[in-house]
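The values are calculated or read from the model by the stated rules, or taken from the named source; none is laboratory data. The model shown is predicted, which means the values in this text are computed figures rather than measured ones. Every residue, glycine as well, gets a Cβ built from its backbone with ideal geometry; the counts of neighbours run over all protein chains shown.
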Amino acid sequence: MEKKKGEVVQDYGQERELLRWEAEERLAIKKSRDFYSTMMVLAILVGIVLFFIEGIMPVLVVAAILFVGYALINAEPRIVMHQITNKGIVTEGARYVWDELGNYWIDEQEGRKVLHVMTYRRWPTRLVMVLPKSGGVNENDVKRVLSEYLEWEVPTVTRIDKMVSWFNEKVPLE
């Protein structure tokens, strides 16, 4: 039986590792002092408006959101293991079989290559895996292995994506 592109033929044999790499769990993007001061000013303005509308509780919620955002931005990402096997993808110990996975693409963010794989699960709907900076696995290796099981398809840019890009250009937070 001949396998067509995009068609998954279940392999019920032994699981074989095709590709493995270690990388950060997410991109660590350093923010400037201007970013933090802009966010603080925006939070204060929103807090003042909410205080006059509803009282102190919404202001405390805004302060909590600001604190959580600060903590998440400054937390260093962990190093995690990603594997591609003949049965699917294993990332951070979670296993995703080929039947649960859709298309994939690789893009560049903050100077790093990032692999995106869409899933048919309710959560997560997309696997995002940072490729290593150097050595070992590269973009071509990942494409070569994944092209046997998944379809390469870069998502189209939607109106919302365009609006967010326009807003980021016109109102820089840094």
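What residue, among those in segment 135-154 that are of a type in the set (Asp, Glu) and part of a helix (DSSP H, G or I), is nearest to the chain's Cα centre (by Cα)?
Filtering segment 135-154 for residues that are of a type in the set (Asp, Glu) and part of a helix (DSSP H, G or I), the one nearest to the chain's Cα centre (by Cα) comes out as GLU139.
Mind telling me which of the residues VAL114, VAL97 ends up being outside the structural domain of VAL41 (by TED's automatic domain parsing), at pLDDT 95 or above and under 20 Å from LYS30 (Cβ atoms)?
Going through VAL114, VAL97 in turn, the sole match is VAL114.
Here is a check on your reading of the model: is PRO132 under 30 Å from GLY47 (Cβ atoms) and either modelled with pLDDT of 95 or more or in a loop (DSSP other than H, G, I, E, B) (or both)?
When the stated conditions are applied, PRO132 does not pass them.
Condition first: β-branched (Val, Ile, Thr), farther than 17 Å from LEU101 by Cα and surrounded by 15 or more Cβ atoms within 10 Å (Cβ to Cβ). Now tell me which residues in segment 117-171 satisfy that.
VAL130, VAL137, listed by residue number.
Consider ALA64 carefully, then state whether it is out of contact with any Gly (no Cβ under 7 Å at 6 or more places or on another chain) and at pLDDT 95 or above.
So ALA64 passes the test.
Determine the pairs where a residue that is farther than 19 Å from LEU131 by Cβ, located within segment 142-163, has a partner that is in a helix (DSSP H, G or I) and at pLDDT below 95 with Cβ atoms under 9 Å apart, the partner being 6 or more residues away or on another chain.
From residues that are farther than 19 Å from LEU131 by Cβ, the pairs are VAL157/SER165.
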